[in-house]
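The values are calculated or read from the model by the stated rules, or taken from the named source; none is laboratory data. Note that the coordinates shown come from a computational prediction; the quantities given were computed from them, not determined experimentally. Positions of Cβ are generated from backbone atoms using ideal geometry, with glycine treated the same way; all protein chains shown enter the neighbour counts.
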Amino acid sequence: MAGRQGAQRPNGATQGKICQFKLVLLGESAVGKSSLVLRFVKGQFHEYQESTIGAAFLTQTVCLDDTTVKFEIWDTAGQERYHSLAPMYYRGAQAAIVVFDITNQDTFARAKGWVKELQRQASPNIVIALAGNKADLAQKRMVEYEEAQAYAEENSLLFIETSAKTAMNVNEIFLAIAKKLPKNEGGGPTQSRQSGVKLNNEQTQQSEGGCCK
């Protein structure tokens, strides 16, 4: 990961300005949202990942030339009973990754629903990426790349197929989002309120009128 533009840089090795953005992950349960985040933040993959309860909060940075982009990541639960909580997490987000499983057509249909919801209710300038996860299972594919690509183009989405298991395109999707985000707003130069990476798979609350469970 290190040694190339866009890779995560070790803590403390920042230079230039720091921009901070809120990013939310949405998608049906078991499509691999938490696995994508865990791979991006810690470089790990767990074959049996427990379902997220409510939402998990994590942070990670990517480096673009002289700018460090810090993502504050909300990994939301995919179960239907948590759907009503989703607006509390994507409200004010500058970026979103909508994840589906390429081996499950239903999750693609559900992803389209999330995209519509974001287009209606999220910030007007939100950057939305569509992630076709589990690309390592391409032999069981039920959603064709061309179909998802065409949908993404129609809706002005970034589209990348990923595999949390093999790390395929995981860093790349976050880097692509970082490149599309405006660097003169949405976070701007920020003080480092948190050192290192915070990984919390438990129920998470945001104080002062933010997210609650």
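Structure notes:
- Every residue from region 131-166 that is more than 15 Å from residue 27 (Cβ to Cβ), aliphatic (A, V, I, L, M) and part of a loop (DSSP other than H, G, I, E, B): 142
Here is a yes/no grid of residues against (1) modelled with pLDDT under 50; (2) hydroxyl-bearing (Ser, Thr, Tyr); (3) within 20 Å of residue 100 (Cα to Cα); (4) surrounded by 15 or more Cβ atoms within 10 Å (Cβ to Cβ):
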site: 3; (1), (2), (3), (4): yes, no, no, no
site: 11; (1), (2), (3), (4): yes, no, no, no
site: 21; (1), (2), (3), (4): no, no, no, yes
site: 24; (1), (2), (3), (4): no, no, yes, yes
site: 33; (1), (2), (3), (4): no, no, yes, yes
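- In region 151-194, the residues that are among the small types (Gly, Ala, Ser) and modelled with pLDDT of 95 or more: 152, 156, 163, 164, 167, 176, 178
- Residue within region 70-89 that is outside any helix (DSSP H, G or I), more than 14 Å from the chain's Cα centre (by Cα) and within 22 Å of residue 174 (Cβ to Cβ) present: no
- Number of the exception - residue 130 against (1) within 18 Å of residue 32 (Cα to Cα); (2) surrounded by fewer than 23 Cβ atoms within 10 Å (Cβ to Cβ); (3) touching a Phe, Trp or Tyr at 6+ places or on another chain (Cβ under 6 Å): (2)
- Some residue of region 77-92 being within 24 Å of residue 22 (Cα to Cα), in contact with a helix residue (DSSP H, G or I) (Cβ under 9 Å, 6 or more places away or on another chain), among the polar types (S, T, N, Q) and surrounded by fewer than 14 Cβ atoms within 10 Å (Cβ to Cβ): no
- Taken together, the residues in region 90-110 that are outside any strand (DSSP E or B) and touching a residue at least 12 places away in the same chain (Cβ under 8 Å) amount to 13.
- Residue 56 vs. criteria small (Gly, Ala, Ser), assigned to a strand (DSSP E or B) and more than 28 Å from residue 147 (Cα to Cα): yes
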